[in-house]
Amino acid sequence: QQQVKQSPQSLIVQKGGISIINCAYENTAFDYFPWYQQFPGKGPALLIAIRPDVSEKKEGRFTISFNKSAKQFSLHIMDSQPGDSATYFCAAIVFSQGAQKLVFGQGTRLTINP
Amino acid sequence: DGGITQSPKYLFRKEGQNVTLSCEQNLNHDAMYWYRQDPGQGLRLIYYSQIVNDFQKGDIAEGYSVSREKKESFPLTVTSAQKNPTAFYLCATARGGAGANVLTFGAGSRLTVL
């Protein structure tokens with residue numbers, strides 16, 4: 001119930017293409033869904049986040065689509081660039097025993113070919 | 001990164017030795033977290049602390065210990081009881097209070113057991 005399932009595990013996209021990463025969850029207590037971007041040897045950095053009462057959020061080339069009834073959400077990267085090559089994690093925030101915890105997906109290693 | 005300092009960046013340990021990873025923050029965040037990252041497994045929660053002098057076990061606390069004597073500091077000790085300690089360790093912080101607060105991560109510490 002605390003899991004967030006992410007796919008695909010790795011993804012290769014040509015420069016200028018659209019990168020799509022999908023996540024699914026079971027726990028309806030999750031109430032905030034951030035995406036993190038991580039470069040090799042660095043800590044993850046917040047990319048974009050969405051609340052479950054919103055179906056879509058766009059920031060520049062990055063868009064989150066959220067389907068509450070299906071308990072699924074996805075990250076779309078438009079006009080993908082080589083600098084977007086990184087590992088992406090979806091996550092969900094849940095409150096448990098008075099504390100906030102972040103549950104992560106397994107990660108997607110994205111490679112953008114020039 | 002972003003007011004969170006993790007040290008050392010790289011650490012080598014012989015089997016049977018305890019090691020302590022440092023995490024210091026100047027963001028004035030109430031909550032602090034330790035995550036472990038292994039290839040293909042995403043990030044897993046080790047321990048977290050919402051306030052000074054209080055902390056809770058995460059999903060994989062066995063073989064680890066923490067303390068929270070100051071708001072700014074949340075050191076993690078990897079004990080000899082941890083059977084497979086080689087990993088990338090990430091410290092994170094979040095504001096306290098009501099509502100979902102996304103985590104800010106440090107740059108990480110890579111521990112290798114020889």
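The values are calculated or read from the model by the stated rules, or taken from the named source; none is laboratory data. What you see is a predicted model, and the numbers here were worked out from it, not measured in a lab. Positions of Cβ are generated from backbone atoms using ideal geometry, with glycine treated the same way; all protein chains shown enter the neighbour counts. Heavy atoms of the whole protein, side chains included, go into the accessibility calculation; ligands, DNA and RNA do not. Shrake-Rupley method; radii C 1.70, N 1.55, O 1.52, S 1.80 Å.
Structure values in brief
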{"read-out": "Single match in B:Arg68, B:Arg36, B:Arg95 (criterion: open to solvent by 30 Å² or more (accessible area, probe 1.4 Å), basic (Lys, Arg) and within 14 Å of chain A (Cβ to nearest Cβ))", "value": "B:Arg95"}
{"read-out": "Answer from B:Leu11, B:Leu21, B:Leu45 - the residue that is without any contact (Cβ under 8 Å) to a residue 40 or more places away in the chain, open to solvent by less than 50 Å² (accessible area, probe 1.4 Å) and within 18 Å of B:Thr79 (Cβ to Cβ)", "value": "B:Leu45"}
{"read-out": "Residue count for the stretch A:47-88, restricted to those that are open to solvent by 40 Å² or more (accessible area, probe 1.4 Å) and touching a Pro at 6+ places or on another chain (Cβ under 6 Å)", "value": "2"}
{"read-out": "Qualifying residue in the stretch A:35-42 (condition: closer than 28 Å to B:Gly96 by Cβ, of a type outside the set (D, E, K, R) and facing chain B (nearest Cβ under 9 Å))", "value": "yes"}
{"read-out": "Residue that is farthest from B:Asp59 (Cα to Cα), among those in the stretch A:10-38 that are modelled with pLDDT under 95 and open to solvent by 60 Å² or more (accessible area, probe 1.4 Å)", "value": "A:Thr28"}
{"read-out": "Residue list for the stretch B:48-59, filter: part of a loop (DSSP other than H, G, I, E, B) and open to solvent by less than 40 Å² (accessible area, probe 1.4 Å)", "value": "B:Gly58"}
{"read-out": "Close pairs from the stretch B:67-92: first without any contact (Cβ under 8 Å) to a residue 60 or more places away in the chain and farther than 15 Å from B:Leu114 by Cα, partner open to solvent by less than 60 Å² (accessible area, probe 1.4 Å) and of a type in the set (Lys, Arg), Cβ under 7 Å, at least 6 apart", "value": "B:Phe74/B:Arg68"}
{"read-out": "Condition met for B:Arg110 (within 11 Å of another protein chain (Cβ to nearest Cβ), basic (Lys, Arg) and without any contact (Cβ under 8 Å) to a residue 60 or more places away in the chain)", "value": "no"}
